[in-house]
1. Once the other residues with Cβ under 14 Å from the Cβ of ASP97 are scored (Lys, Arg +1; Asp, Glu -1), what is the net sum?
2. Helix check for the chain. Which DSSP H runs span at least 18 Å along their own axis by Cα, with a mean Kyte-Doolittle hydropathy no less than -1.0?
3. About the Cα centre, and with charges only on the beta carbon of Lys, Arg (+1) and Asp, Glu (-1), how big is the dipole of the range 153-246? Nearest 20 debye, please.
4. In whole Å, what is the distance between the alpha-carbon centres of the range 82-123 and the range 165-211?
5. Please compute the length gained on full extension between ARG171 and ARG193, using 0.36 nm multiplied by the number of residues separating them and subtracting their Cα-Cα distance.
6. Multiplying the sequence separation of GLU261 and GLN137 by 0.36 nm and subtracting their Cα-Cα distance, what value in nm do you get?
7. Please work out how much accessible surface MET226 shows to a 1.4 Å probe, ignoring ligands, DNA and RNA, in Å² rounded to 10.
8. If you roll a 1.4 Å probe over the chain with all protein chains in place, what percent of the accessible area is carbon or sulfur?
Amino acid sequence: MKVVTVTSQEEAEQAFSLEFPREEAKQAFPGEPAGKAFPGKPAGKAFPAEPAGQTPPVEVRCIPMRGPLNLTPWLAGGRICRVVCAGGSGAEEVPLDFRWVRDLRTACVRAGVPFLFLSTGSHLVKDGKLYRIPEEQREVQAEKSGMSYIPGHNDGAKIHYRLPDREELFRRLAGSKFRSGFHLNRKDLGYLREKGEQTIREHAADFVRKRLAPENPPKDGKQTPMRGHPVFPAQHATACCCRSCLEKWHGIPSGKVLTEEEQGYIVDVIMEWIRRQA
């Protein structure tokens, strides 16, 4: 296994331009992960030696993480076997913003790559508030966050979250130029009148169950068409179109199978928007 350490987007671009040439990235990276030891700290014996000539898997260590990192261009090809991140220590170190951790985790979940949040570091920013974390609590707090992820383990279920107030959610959606740009057209309204609200609700529940509920839905981020059914524009308008939007707007973590209650909440939000349009 090869280890690549990056602390910023600039370092990532420089490191991966050498490790993963862009023309190779377009084709998908050769090689498959040879196995992984997870959770826990990086271990030298986690991966067996690769046969001569085979491209080794790469562990990316974002330690210390000093800014937002977009690793999406390099995550999907199979070469990256794990991403590890942690905050730095010391008064002069950049505080770790929890949003950076969450966004990096979401990208890993979407790519099916294991993710380890190892430590908060000495300073953590969460919900706009700066926390000073004692040394003995840094790994403990990182583990309590539930951010670490192993594909197929439903790890996101460990994350505590609170659903937004419904009226506040719709106010926020109305303030988004993208979300507020969706409307039911004449064909959608005709279909709604023809089929009735109950049938549309059943269709919405089916779409949510098949396209959003799995831990890591296929083609996440592209699974919801813009048009073709009244539910589709409603999903985009309410940010119920993919798992990253669900996490950003509704707080529902990625990397977990949606419960029946969560699926019911999503359908309720979709149908509320449709009723307001009709």
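The values are calculated or read from the model by the stated rules, or taken from the named source; none is laboratory data. Please read these numbers as outputs of a predicted model, since none were measured by experiment. Virtual Cβ from ideal backbone geometry, glycine too; neighbours counted across all protein chains shown. Remember, those area values only see protein heavy atoms, side chains included, never the ligands or the DNA or RNA. Shrake-Rupley method; radii C 1.70, N 1.55, O 1.52, S 1.80 Å.
1. Once positives and negatives cancel, what remains is +3.
2. Helices passing the filter in the chain: 98-111, 260-277.
3. Computed charge dipole of the range 153-246: roughly 280 debye.
4. When both Cα centres are located, 35 Å separates them.
5. 5.2 nm
6. 41.3 nm
7. So the heavy atoms of MET226 present about 100 Å² to solvent.
8. About 51 percent, which is the carbon plus sulfur part of the accessible surface.
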